[in-house]
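Scroll down for the structure; my scribbles are underneath it.
Rule-based calculations on the coordinates, nothing more; no lab input. It should be emphasised that the depicted structure is a prediction, and the values quoted were computed from it without experimental measurement. Every residue, glycine among them, receives a Cβ derived from its backbone with ideal geometry; neighbour counts consider all protein chains shown.
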Amino acid sequence: MEVIHKIGRRKTAVARVYLKEGSGKVTINKKDLNDYFPTATLQYKVNQPFALTENEEKFDVNVNVYGGGITGQAEAIRLAISRAMCELDQENRAVLKPEGLLTRDPRMVERKKFGQKKARKKFQFSKR
């Protein structure tokens, strides 16, 4: 099996995932998964596609991720891994699609408008 390369995005985070057969080692920006994402929630998000398709500890994953915050990066990695699992076996799509793991989340930060403090918040109004 050759290396499968997929890209996942979330907000401003971009993750490039390289998937190959191995022992289940996940490396993110040359760091171990547990070192890069210290919280269990983020580790769960990254491993979710493997857990749903019952492929834990069958593939080595090498990830390059940049931009955004840690949650956005974790979700970008999750999308890329889900796409790679679908390319590996089409039957995985039936498992991942209902969980929403193949959908690119379109929500982005709303831009700040001129004459306002933030995107929606206005400057304080003074009647007199």
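Observations
- Within-15-Å neighbourhood charge of residue 99 [Cβ basis; K, R +1; D, E -1]: +2
- Each Lys or Arg adds one and each Asp or Glu subtracts one; over the other residues with Cβ under 15 Å from the Cβ of residue 11, this totals +4.
- Hz values of 3J(HN,Hα) by residue in region 45-55 - Karplus curve (6.51, -1.76, 1.60), Gly and Pro given as x: 4, 5, 8, 4, x, 5, 5, 5, 8, 6, 10
- Approximate spin-label separation residue 20-residue 5, in nm, with each point projected 7 Å along Cα-to-Cβ: 1.3 nm
- Near residue 74: Cβ cut-off under 11 Å, other residues only, Lys/Arg at +1 and Asp/Glu at -1. The net charge is +2.
- Estimated [θ] at 222 nm from DSSP helical runs (n ≥ 4, -39500 (n - 2.57)) normalised by residues in the chain, nearest 500: -10000 deg cm²/dmol
- For the pair residue 109 and residue 64 in one chain, pulling the backbone fully straight at 0.36 nm per residue adds 13.9 nm over the alpha carbon distance.
- Under-5 Å amide H pairs with residue 26, H placed in peptide plane, nonlocal only: 33, 61
- Helix axis angle, 70-88 relative to the chain longest principal axis, alpha carbon, degrees: 40 degrees
- Cβ crowding within 10 Å averaged over residues, with 27-38, 46-57, 111-122, 64-75 ranked highest first: 64-75, 46-57, 27-38, 111-122
- Cross-link pairs 11/97; 97/117; 58/97; 30/118 - those with Cα-Cα distance over 28 Å: 97/117; 30/118
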